[in-house]
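The block underneath contains the structure these notes are about, expressed in structure tokens.
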Amino acid sequence: MASIIRIEGLTKRYASGFEALKGIDLTIEEGEIFALLGPNGAGKTTMISIICGIARPTGGAVVVAGHDIIRDYRGARSAIGLVPQELSTDQFERVIDTVNFSRGLFGKPRDDAHVEKILRDLSLWDKRHNKILELSGGMKRRVMIAKALSHEPRVLFLDEPTAGVDVELRRDMWKLIGELRKTGVTIILTTHYIEEAEEMADRVGVINKGELMLVEEKTALMKKLGKKTLSVLLAEPIAALPPELAEWDVALGADGQQIDYVFDTQAERTGVSSLLRRLGDLGIGYKDLNTRQSSLEDIFVSLVHQEKAA
Ligand SMILES: Nc1ncnc2c1ncn2[C@@H]1O[C@H](COP(=O)(O)OP(=O)(O)O)[C@@H](O)[C@H]1O
Ligand SMILES: [Mg+2]
């Protein structure tokens, strides 16, 4: 695979003096889906804004499809489609007009066949004569994507495509993004949902406080950070954790009704069965068990931990 975006030593200091990006190095391969994963305030939107020419970098370089974003802004920008975090469109415009207009902004001649293909791919063709205000929230998001794709960009940025969206729409969006990748467009999305990165991405970059903490193939990342929490709902509350459980990383819930055990799904021995056996030996009965994947927050905690240990 050839690389389509090269970012070197990218820094951003806002006028306030705040350092939002602290030297980012990253290469994006053509055709991949890359998820930039990080909590609110990590610098995701700042990074995208710089690549798309909306914000100026303080230092470093970005090259998109062979075009330097500063020296050859127009060349770089025309290779990029951006769906910003905040959706904004003229509500009174009709779907097809707004998409045609977006294309025109990039100096591209009108191309009805291309616009029809985009609208069909996004299941918007039947709605093409509707005013945007007549569409559902999900359809409005699709219009934003259609606009971003109108000038045939090679890279599509989706900044928090499903923030504040209900579960059904989120799944819809994931399916749609999966289909878009078949058109060959490189997709970079930002998210603070680990589930979204897990579902969509080929590679994941974890960003925190302006620093890229790691970049990894998703499958490798999920393995590496594949921690789960087992919750054991007790038949009877207990006052304190018995010392016989000290060898497991367990915590007792506030009401004494539940024991939580954090374990590594990739470990040869997860400790789950031995813990349950020990509970049995201690005469501690339970009524229910469930496990959940670690949250992004847990992962950050473990990353920071690793850094300290290194
Ligand atoms: N125009 C600005 N001036 C000063 N600080 C800003 C500005 N825009 C963003 N920031 C700060 O930079 C940090 C990163 O913001 P942002 O890139 O929007 O994060 P994310 O998209 O990951 O939530 C935040 O702490 C934010 O408050
Ligand atoms: Mg953001």
Cα-centred dipole magnitude for the stretch 227-293, charges only on beta-carbon of K, R (+1) and D, E (-1), debye, nearest 20: 200 debye
Over 21 Å (Cα to Cα) - which of LYS12/LYS218; LYS44/LYS209; LYS131/LYS175 fall in this group: LYS12/LYS218; LYS131/LYS175
GLU152 paired with LEU276, simple spin-label distance in nm, labels 7 Å along Cα-to-beta-carbon: 5.8 nm
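Give me the net charge for the shell around VAL63: Cβ to Cβ below 15 angstrom, other residues only, Lys and Arg +1, Asp and Glu -1. Before the final figure, lay out the partial values.
Values: positive: ARG6, ARG71, ARG74, ARG77, ARG154; negative: GLU8, ASP25, GLU29, GLU30, ASP68, ASP72.
Combined, the nearby Lys, Arg, Asp and Glu give -1.
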Top of ARG120, ARG292, ARG170 by mean-square fluctuation, Gaussian network on the chain, Cα under 10 Å: ARG292
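Kindly put SER150, SER49 in sequence by how many other C-beta atoms sit within 10 Å of each C-beta, fewest to most. Present the calculation step by step, with values, prior to reporting the outcome.
Working: SER150 24, SER49 20.
With the fewest neighbours first, SER150, SER49 line up as SER49, SER150.
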Separation between Cα centres of the stretch 28-58 and the stretch 77-107, rounded to whole Å: 20 Å
Tilt relative to the chain, helix 95-105 - C-alpha long axis, 0 to 90 degrees, to 10: 70 degrees
Relative contact order of the stretch 3-222, defined on C-alpha pairs under 8 angstrom at six or more residues apart (%): 30 percent
Nearest-ten-degree value, helix 137-149 long axis tilted from longest Cα axis of the chain: 50 degrees
Rg and Dmax [Cα atoms of the chain; Å; Rg one decimal, Dmax integer]: 23.6, 77
Using alpha-carbon coordinates, inclination of helix 272-281 to the longest axis of the chain, degrees: 30 degrees
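Run through the DSSP bridge list for the chain and note the antiparallel percent, rounded to the nearest 5. If you can, show how the numbers build up before the last one.
Values: 39 of 57 bridges.
The antiparallel proportion sits near 70 percent.
Quick note: the coordinates plus some simple rules give every number you see, no bench work behind them. Note that the structure is predicted; figures quoted are calculated from it, not measured. Note: ideal-geometry Cβ built from the backbone for every residue, glycine included; neighbour counts use all protein chains shown.
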